[in-house]
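J.: Mind looking over this structure? Questions follow.
The values are calculated or read from the model by the stated rules, or taken from the named source; none is laboratory data. Computed from a predicted structure; not experimentally measured. Cβ placement follows ideal geometry from the backbone for every residue including glycine, while neighbour counts extend to all protein chains displayed. Ligands, DNA and RNA are excluded from the accessible area calculation, which covers all protein heavy atoms including side chains. Shrake-Rupley method; radii C 1.70, N 1.55, O 1.52, S 1.80 Å.
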Amino acid sequence: MALNVVMLGPPASGKGTQAARLAQARGIPKISTGDILREAAQSGSELGLRAKALMDRGELLNDEEMIAIVRERLARPDAARGFILDGFPRTVPQAQALDRMMQGEPIVIIDLAVPDADLLKRMQTRRVCSNCASIAEPGWSKDTCARCGGQLVTRADDEDERVRQHRLEVYARESKPLLDYYRGRPTFQSINGAQPPDRVAHELAARIDALAPVASERRP
Ligand code: AMP
């Protein structure tokens, strides 16, 4: 049975870190729309350059484009046994499109809840690998990725205080309504993301295991 997971939560709530751990533990791909867009930006493609301009201001890309990117990615063979989506959906229309793509196949929805003050602090100190996109964890050196030895850098959209604040506003306006969209489902779970990463990972794994019987039922 495929395990399909959607990670919800504000910027710097730990979605990427937890998605990477879970993906590795379960042997399924982590699909991060932010990573896909940052890669496109590095490649200098037309999409990448447009995406970079929006990302650097903390704005979202349009729904149609994001839906097309995710539809194409989920159709690849490695996603057939399941996937962890990190950063998608970010709007209700994206969630509706994902439901259509899933055609009743179950998805586990995980919300990571973290207070705004913690999020702002995390965005300010977050370091990411410029080579493999790993997110630095407590205990790593400031400059070197513990996974691949690449250089740790600050994300462009984490650098400016106004952009950090704006991303929280965009989250509140565009993405928070997703909680109401999903809350009534038996596979919706909210986790306290303010705990240390190991604790969050432990709780996440336990909730997913507990959900296994429900998560294997197809939605009508
Ligand atoms: P993230 O790495 O998830 O924080 O995403 C970084 C940036 O990429 C966001 O601030 C948006 O500009 C853009 N982005 C990522 N995912 C989406 C999405 N699903 N819809 C629209 N924009 C997105």
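J.: Look through A117, A172, A133, A97 and report the one residue that is touching a strand residue (DSSP E or B) at 6+ places or on another chain (Cβ under 9 Å) and of a type outside the set (F, W, Y).
T.: Numbers: A117 fails: touching a strand residue (DSSP E or B) at 6+ places or on another chain (Cβ under 9 Å); A172 fails: touching a strand residue (DSSP E or B) at 6+ places or on another chain (Cβ under 9 Å); A97 fails: touching a strand residue (DSSP E or B) at 6+ places or on another chain (Cβ under 9 Å).
The unique qualifying residue is A133.
J.: Taking the condition more than 30 Å from A117 (Cβ to Cβ) and not in a helix (DSSP H, G or I), does R185 pass? Before you say what the answer is, go through the steps one by one.
T.: On the way: more than 30 Å from A117 (Cβ to Cβ): no; not in a helix (DSSP H, G or I): yes.
Here the answer is no, as R185 does not meet what is asked.
J.: Where the second residue is open to solvent by less than 40 Å² (accessible area, probe 1.4 Å) and outside any helix (DSSP H, G or I) and the first is over 23 Å from Q165 (Cβ atoms) and away from the ligand (no atom under 11 Å from the Cβ) and lies in the stretch 43-60, which pairs have Cβ atoms under 9 Å and are six or more apart or on separate chains?
T.: L47/L61
J.: Just for the stretch 128-148: of the residues that are open to solvent by less than 50 Å² (accessible area, probe 1.4 Å) and part of a loop (DSSP other than H, G, I, E, B), which one is nearest to the ligand (Cβ to nearest atom)? First the steps, then the outcome.
T.: Here is the first cut: in the stretch 128-148, the residues open to solvent by less than 50 Å² (accessible area, probe 1.4 Å) are 128-129, 133-137, 145.
Of the ones still in play, those that are also part of a loop (DSSP other than H, G, I, E, B) are 133-134, 136-137, 145.
Numbers: A133: 9, S134: 13, A136: 14, E137: 16, C145: 17 Å.
For the stretch 128-148, the residue satisfying everything is A133.
J.: Is it the case that the stretch 141-158 has a residue that's among the acidic types (D, E) and within 26 Å of N62 (Cα to Cα)?
T.: Our first condition is that a residue be among the acidic types (D, E); within the stretch 141-158, this holds for 143, 157-158.
Next cut, within 26 Å of N62 (Cα to Cα) only: 157-158.
Checked against the condition, which is being among the acidic types (D, E) and within 26 Å of N62 (Cα to Cα), the stretch 141-158 yields at least one hit.
J.: Can you pull out the residues in the stretch 21-38 that are in contact (Cβ under 8 Å) with a residue 60 or more places away in the chain, out of contact with any Gly (no Cβ under 6 Å at 6 or more places or on another chain) and within 12 Å of the ligand (Cβ to nearest atom)?
T.: Filtering the stretch 21-38 down to residues in contact (Cβ under 8 Å) with a residue 60 or more places away in the chain leaves 21-23, 25, 32, 35, 38.
Filter once more, so that each one left must be out of contact with any Gly (no Cβ under 6 Å at 6 or more places or on another chain): 21-23, 25, 35, 38.
Within the stretch 21-38, D35, R38 meet the criteria.
J.: Turning to a different aspect of this structure: Residues being assigned to a loop (DSSP other than H, G, I, E, B) and open to solvent by 10 Å² or more (accessible area, probe 1.4 Å): count how many of those fall in the stretch 11-29.
T.: Residues of the stretch 11-29 assigned to a loop (DSSP other than H, G, I, E, B): 11-14, 27-29.
In the following step, the residues that additionally are open to solvent by 10 Å² or more (accessible area, probe 1.4 Å) were identified as 11-12, 14, 27-29.
The total comes to 6.
J.: Okay, moving on. Residues being closer than 16 Å to A113 by Cα and open to solvent by 50 Å² or more (accessible area, probe 1.4 Å): count how many of those fall in the stretch 149-171.
T.: Number satisfying all stated conditions: 1.
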